[in-house]
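Notes to accompany the following structure.
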Amino acid sequence: MGVEWLIGRTCARVYEHYPCNFSFEFGPGVLAVDCLWRVVSGGRLVLTSRDHGQQYGLPAPLDAYAEAASLLRDRRVTAVRLREDTADLALEFEGDILLEVLADSSGYEPWNLTAPGVQCVAGRLADFSRSG
């Protein structure tokens, strides 16, 4: 079991686990992202991780954690795509919403998914079934 574990799950919350990290919680599983991510809704880019803290003429700086949570909360994941050549991850949600995680380093783990029995680091599954 790898990233397909997310299909049918809902995003319960988005939070900062440590500075500049965006963690997307899916029940007992967490997708921790340390690279660029973006949300596309209705075929239009509506939010990226780089928007966090930007004011853009708004009354207050944008809280990308809260905005992402608002866009994704309680929506089921309908499909998951993993590009093994680039480690990019795309989660399709109900309501024509797409969360894309774009790996931006060839040497650093840009994202990881942990859930009961699953540890997936940038598209590579770790097997913890054997004791070492």
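Which translational diffusion coefficient, to the nearest whole µm²/s, is obtained for segment 1-70 from the Stokes-Einstein equation, given a Kirkwood hydrodynamic radius over C-alpha pairs, 10 °C and 1.306 mPa s? Please report the intermediate quantities before stating the final value.
Details: Rh = 13.2 Å.
The Stokes-Einstein estimate is 121 µm²/s.
I'd like the Karplus ³J(HN,Hα) series for segment 26-32: coefficients 6.51, -1.76, 1.60, θ = phi - 60°, whole numbers in Hz, and an x wherever there's a Gly or Pro.
10, x, x, x, 9, 9, 9
Can you give the longest run of the chain that contains no chymotrypsin sites (Phe, Trp or Tyr not before Pro) sitting in a DSSP loop with at most 14 other Cβ atoms inside 10 Å? Numbers along the way, then the final one.
Details: sites that count: 56, 108, 128.
Here the longest segment lacking exposed loop sites spans 1-55.
Based on the Kirkwood radius over alpha-carbon pairs, what is the Stokes-Einstein translational diffusion coefficient of segment 3-125 at 4 °C with 1.567 mPa s viscosity, in µm²/s?
On the way: Rh = 14.5 Å.
Rounded to a whole number, D works out at 89 µm²/s.
Could you give me the ³J(HN,Hα) list for segment 53-66, computed from phi with Karplus coefficients 6.51, -1.76, 1.60 and θ = phi - 60°, whole Hz, x at Gly and Pro?
So the J values, rounded to whole Hz, are x, 7, 8, 6, x, 7, x, 9, x, 5, 9, 5, 4, 5.
Run the dipole for segment 3-125 about the Cα centre, Lys and Arg Cβ at +1, Asp and Glu Cβ at -1, nothing else charged, and hand back the magnitude in debye, nearest 20.
Numbers: 11 positive and 17 negative charges, 39 e Å.
Charge dipole, segment 3-125, about its Cα centre: 180 debye, nearest 20.
Every number in this text was worked out from the coordinates using simple rules, so none of it is lab data. Note that the coordinates shown come from a computational prediction; the quantities given were computed from them, not determined experimentally. Every residue, glycine as well, gets a Cβ built from its backbone with ideal geometry; the counts of neighbours run over all protein chains shown.
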